[in-house]
Amino acid sequence: GSHMHERESSIRQLEADIMDINEIFKDLGMMIHEQGDVIDSIEANVESAEVHVQQANQQLSRAAN
């Protein structure tokens, strides 16, 4: 019962995180396209994306257990 429910919500959260990451990279692409001098901002976004990926991986391994 609740174990399956927990796993389902973990997977839904993971899907939401992946969509967030896709948005970040779309934004990055637009920023790079629009202007070349936003390197600091890009770095911050990439770091933020890496954190999201790590969190998603953790959730996925929790969901798999």
Query - So Gln13, is it in contact with an Asp or Glu (Cβ under 7 Å, 6 or more places away or on another chain) and surrounded by 11 or more Cβ atoms within 10 Å (Cβ to Cβ) - result: no
Query raised in the report: Within the range 17-65, how many residues are part of a helix (DSSP H, G or I), of a type in the set (A, V, I, L, M) and surrounded by 12 or more Cβ atoms within 10 Å (Cβ to Cβ)?
Result: 13
Report task. Tell me which residues, restricted to the range 8-23, are in contact with a helix residue (DSSP H, G or I) (Cβ under 7 Å, 6 or more places away or on another chain) and aliphatic (A, V, I, L, M). Result -> Ile11, Leu14, Ile18, Ile21
Query raised in the report: What are the residue pairs meeting all of these: first residue in the range 40-62, first residue at pLDDT below 85, second residue among the acidic types (Asp, Glu), Cβ atoms under 8 Å, and 6 or more apart or on different chains?
Result: Asn45/Asp27
Requested in this report: Test Asp40 against the stated conditions and say whether it is over 27 Å from Arg62 (Cβ atoms) and either under 13 Å from the mean Cα position of the chain (by Cα) or charged (D, E, K, R) (or both).
Outcome: yes
Requested in this report: Check whether at least one residue in the range 1-13 is within 17 Å of Arg62 (Cα to Cα) and aliphatic (A, V, I, L, M), and report yes or no.
Outcome: yes
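The values are calculated or read from the model by the stated rules, or taken from the named source; none is laboratory data. Just so it is clear, the structure is predicted and the values come from calculations on it, not from any experiment. Heads up, the Cβs are rebuilt from the backbone with ideal geometry, glycines too, and the neighbour counts pull from every protein chain shown.
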